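Encoded as C-alpha cells, the structure appears first; notes follow it.
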Amino acid sequence: MMTLSSHSSSPGVSRDITQPDRREDRRALVNVVIPWRLVPLVLLLTAVSVLPAILSSPTTQSLADRLTPPFGFGGTGLGTDGLGRDLLARIITGTRNSLAISIVAATGASLLGITAGVLAGMLGGWADRIVELLVESVLAIPFITVGLMVTATIGQSTTSMLLLLIGTGWITHAQILRAQARMVSQAEYVIAASAMGASKAHIARRHLVPNLLPISIVVYFQQIGSMLLWSASLTWLGIGAPIEQISLGGIVRDGQDLLYNGWWVSLFAGLAIIYVVTSLNLAADWLRIVIDPVQKGHRPL
Amino acid sequence: MSTRRSFVASSLAVAAVPLATRAQSATPAADLLPEIVIDLSGEPDNLTPALSYSTRDWSVMHSIYDSLVDFAPDGQILPQAAEVFESDDAITFRVRLRAGMIFHDGSPVTTAAITRNVEHIKSADSQISDLYQVITEVRQIDDLNAEIVCVEPSPWLPSQLVVWGVLLPEGFTDESLASAPIGSGPYILESWEQGSAITLVRNPDYHLGSPKGDPLAERVTYRFVPEAATRVADLTTGLAHLIDAVPKDQLGAVADGGNVAVSSPVLATAFIRIATDAAPFDEPRVCQAVNHAVDVQAIADALVSTEAKRLASVFPDARGLGFDASLSPFAYDPEKAKELLAEAGYADGFVTEAQITATSRTDVLEAVAEQLAAVGIKVNIVTSELATFNQDWSNTDAPALRYASWRPMYDPFTFVNLLVNSEGYLSRYSNPTADELIRSAAIEPATESRDAIYQELGRTLQDQPGFIYLWNLVTNVGVSSQIEGWSPRGDDYVLALRRTQ
C-alpha cells in the first residue's frame, strides 16, 4: 500500500493513510473553518484594491519634499523617495503591479507546463523525451544569463520579462505533472479502465483531471510567489520591468543609492516583498490542505 | 586677417615652460604610500589609445602613458612629455621632447614615438581616426625635436593630443596595446584581471615634476565596483583610498566615515539631445518649449549637486571655449512652454520617447519627464545597454530624446563636430548657420576669435535648440584621510598622482 507523509505529522514519519487520525481530522477542520493562513493575503488584496483610491498619486514628484522620513522619524506615512514621491502609495501600486505580473507569468507557466507535463506523462515515448530535453535545457542555462540575453535582444519591457518568467517557470509544472500523469496512467484502475475499452479522452476526463487538478492549483499558487521574487530580482538588476512601471523590485533598486539618507525606501519595499511572498505561500499552504484529498479526509486516491 | 594674426602670437604660442626650474630628481617623495586602491564605477573597455573613449579608460591609460601635452587646472594647455609645444599658425606645431625620458621597457623616448602615435590613431578603426587625418606629416628633426604638420589650421588639435596623443614605444602590436601596454608614464601595468582589477606599479624612472603630477604610491590597484554604496563602504572600511562617482546623497556617508568628499566642477556638459530631424522636434518652438518646461536648476540642486549650474547652451564653463556668462539660460516657465507648443500646433501635447543607459541617472530623466508631462508632453523612458545606446546616436528610429553627457569640453571641437554639425557622425541636428560657425571655428587659429565664434554658436543653439541644456557635471570623489594633496582634474580622470603646481 502506498504511504504518504502527511502535512502535519512529523517529518519523515509515514503512516498508513487508510487509517484515519482523529487529531489530524480536527486540525484539518480548523484549517478549513478558520483559514488564518488566508488572513495576510486577504489583507493584502484589500489594501491593493482600496488604498490606491485614498492615497496620493504614486507618480507625483516633489523635489522639495524628497527623502522625507517615515512616521516616527519626523515625517508621515512611509516617507518619500528620492524624487519626493509618496513611498506608501508607490509600494501599494508596486505591489499591485508586481502581483499582476506574477499572476500572468504563473498562469502562462502553468498552462504551458501542465500541457507539456501531461503530454509527456500520458503519451511517453518521443513526447516524453522532447519535454525532458527542453526541461534539462532550461535547467542548464543560468536564468540571469538568459535574462541579459533576452533584454539585449528584444529590449527591456514587461513583455520580455514575462517571456523570460514563463519560459523558465513552466518546467516546475512540467516536472511535477509529468510524474503525476505517469503515475496515474500506470495505476491499476486506469489500466483496468483501459482494458475495459475506455477511450483516452474518457481516461483523461475521469481519472487524470481529477487527480492532477489539486496539485496543479497548489503549484500554481506557490509559483505566484516565486514569480514575484524573480520579477523583483530581474527588475532590481535592471533587466526586468521598465523604469516607469512601478514595481517592488524597482523601488528597492531606487532606494539602493539612498541607503545613507533614505534607508526607508529600500527597507519598506523589501519588507513588502517579504510580506507578499509570505502571504501567497501561506495561502498556497491553506489551499493544499483544503483541496488535497489525502490531507482533507484521508481518503486514498 | 591681420587682426587674426595678432591673436596668434598671444594665444597659440603655448608657454614653453622651462623645465630646468622644476625638480628633475627621480628620488621618490618622502610621503609615497606603499599601496593605494582606487574604486572606479566601471572597468575600462579598452586600453588601446585609439579605442579609448571613456573616463575610466583614460584614468588607467594616462597612468601608463604620457601625452605630449596636458590640461592645466584652468584649462590651459601645458607641455607634458613635451618640453616645448608651440605654433604660430596652428598648422605646424613645434615639439621639443624632454631629454632623458625612457619607456617602461627601457628604450628611449624619441620623436619617433610621436610618429607612431599618429600612425596608430590614423590607421585604427576608431571614432577619432578622422580627427587625425588633418595631420599630413610628423617631421622628425632629431631625437627630441619634431614638427607636427597639418593640412590646414587645426587649433583644436592640441586638446585632442591631450587625450589621445600618447607616446608609443617601438614594436608595439595591437595585442600589446590592448593587454600589455608599455608607455613612458608614471605607472607600469603589472596585471589586469578582467572583471575585477588592474594593478600598476610606480615607474621608478618617471620624471618627477611633470605637470600631470607625481605618483602617490608604489603600487596602485584600480578595482571596478559598479555600486556606489559599495564604493563608499570600501572607502569607509579602508579597503579603498580613492572612489569615483559618489552620488550626492552619499557625500554625507563619506564624511561620516572620516574621509573627504571632494566636489569639483568638471569641464563637461550634461544634456538631453533632441532629434530635430523629425516631427515634432523639427519645429524650433517645440525645442524651445521643452527647454522652458524643465526646472533644470531645481533638479540639479536636488539630485546632482548644488555646484551644478543650469547652462545656457552646451558650453560648461569659462575654462573651456564658447562659454558666455552673459547668455542667460532658458527660464523655467511652463506657461511659456505651453504657449510655444500651442503656436507650433501642439496645444494638446504629444507622446515621445527618451533613451538612457541602464547604468545612468534614471532619476534625473524621470524628473525631467515629470516636468514635461506638466506641459502635456508624455515621455516614455527607454533604457538601453551602453553598446546599444552608443549605436543609436544617429539612428532615426531611436527615441527622439536621449540623456547623455560629454567630456572633456576644454575644446568643444569634437562635440560640436560630432553632435551639432549636420554632417556629424552622431548628429540628428541640422542648421546651416551652426554648420558655418563650426567650420570657421575649426580653422580659426586665434583662441579669442574661436572663443567668440563658439559663443555665437551658443546663441544660435539657443534660438534653435538641439538639446535640453542641463548643467555642468560635478565630480564627487571620496578621498581617504590617508591621502594628502590629491586634487580632482577638470577632465575627471582619477589618477594616483599629486599635482605639483
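The values are calculated or read from the model by the stated rules, or taken from the named source; none is laboratory data. As the structure is a prediction and not an experimental result, all values here were calculated from the model. Counting neighbours? That spans all protein chains shown, and the Cβs are built from the backbone with ideal geometry, glycine included. Ligands, DNA and RNA are stripped out before the accessible areas are found, and what is left, the full protein with its side chains, is counted by its heavy atoms. Shrake-Rupley method; radii C 1.70, N 1.55, O 1.52, S 1.80 Å.
Structure data summary
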read-out: Residues A:Ser199 and A:Leu133, FRET efficiency given R0 of 35 Å [Cβ-Cβ distance, rounded to 0.05]; value: 0.75
read-out: Sorted largest first, extent of the stretch A:88-139 alpha carbons per principal axis (Å); value: 53, 19, 9
read-out: Considering only the protein assembly as shown, percent of DSSP beta bridges that pair antiparallel, nearest 5; value: 75
read-out: Whole-angstrom Cα spans of the stretch B:230-326 along principal axes, big to small; value: 54, 28, 22
read-out: Förster-model FRET efficiency, 60 Å R0, B:Asp88 and B:Glu35, C-beta, rounded to 0.05; value: 0.80
read-out: Number of Lys pairs (Cα under 26 Å; 8 or more positions apart or on different chains) in the protein assembly as shown; value: 7
read-out: Percent carbon-and-sulfur accessible area, the stretch B:266-474, ignoring ligands, DNA and RNA, probe 1.4 Å; value: 48
read-out: Gaussian network model of chain A, springs between alpha carbon atoms under 10 Å - residue of A:Gly121, A:Gly77, A:Gly108 with greatest fluctuation; value: A:Gly77
read-out: Cα gyration tensor shape of the stretch B:266-474, rounded if a/c is under 1.5, else prolate or oblate by comparing a/b with b/c; value: rounded
read-out: Histogram of C-alpha separations across the protein assembly as shown, 10 Å bin width, %; value: 2, 11, 18, 20, 17, 12, 9, 6, 3, 1, 0, 0
read-out: Residues of the protein assembly as shown: accessible area per residue with a 1.4 Å probe, Å²; value: 42
read-out: Relative contact order of the stretch A:67-295, defined on C-alpha pairs under 8 angstrom at six or more residues apart (%); value: 27
read-out: Modelled FRET efficiency - R0 22 Å, A:Ala152 with B:Asn390, Cβ distances, 0.05 increments; value: 0.95
read-out: Inter-chain Cβ neighbour average for residues B:385-394, partner chain, 10 Å; value: 1
read-out: Max mean-square fluctuation residue, GNM over chain A, Cα-Cα springs under 10 Å, options A:Ile176, A:Ile130, A:Ile289; value: A:Ile130
read-out: Estimated inter-spin distance, A:Glu244 and A:Asp65, nm [label 7 Å along Cα→Cβ]; value: 2.3
read-out: Projected area averaged over orientations for the stretch A:67-295, convex hull of C-alpha atoms, nm²; value: 14.8
read-out: Of all accessible heavy-atom area on the stretch A:37-86, the percent that carbon and sulfur account for (1.4 Å); value: 71
read-out: Descending Cα extents along the principal axes, the stretch B:359-407, whole Å; value: 31, 22, 19
read-out: Nitroxide proxy distance, nm - points 7 Å out along Cα→Cβ at B:Ala255 and A:Leu43; value: 4.1
read-out: Helix B:112-123 axis, angle to chain B major axis (alpha carbon atoms, nearest 10°); value: 30
read-out: Relative contact order computed over chain B (Cα-Cα under 8 Å; 6+ residues apart), in percent; value: 21
read-out: Cα-projected label distance for A:Leu271 with B:Leu327, points at 7 Å along beta-carbon direction, nm; value: 5.1
read-out: Dipole axis of the stretch B:266-474 (+1 Lys, Arg; -1 Asp, Glu on Cβ), positive-most option in B:Pro412, B:Gly345, B:Ile272; value: B:Pro412
read-out: For A:78-84, mean number of other protein chain Cβ atoms within 10 Å; value: 3
read-out: Taking the C-alpha atoms of the stretch B:177-217, convex hull volume expressed per residue in Å³; value: 85
read-out: Rg/Rg_globular for the stretch A:33-139, with Rg_globular taken as 2.2 N^0.38 Å and Rg from C-alpha atoms; value: 1.70
read-out: Listed residue (B:Leu189, B:Pro204, B:Ala434) projecting farthest to the positive dipole end of chain B, Cβ model; value: B:Pro204
read-out: Value in Å of the Kirkwood radius, where the stretch B:222-270 supplies the Cα pairs that are averaged; value: 11.4
read-out: Among A:Val277, A:Val131, A:Val146, residue whose mean-square fluctuation peaks in a GNM of chain A (springs only between Cα atoms under 10 Å); value: A:Val146
read-out: Area buried, chain A against chain B - accessible surface, total, 1.4 angstrom probe, square angstrom; value: 1800
read-out: List of the stretch A:234-281 residues, accessible area with partners at least 20 Å² below that of the chain alone (1.4 Å probe); value: A:Ile243, A:Glu244, A:Gln256, A:Asp257, A:Tyr260, A:Asn261
read-out: Dipole-positive endmost among A:Gly197, A:Ser247, A:Leu133 within the stretch A:67-295 (Cβ charges, Cα centre); value: A:Gly197
read-out: Taking only Cα atoms of chain B, radius of gyration then Dmax in Å; value: 22.9, 70
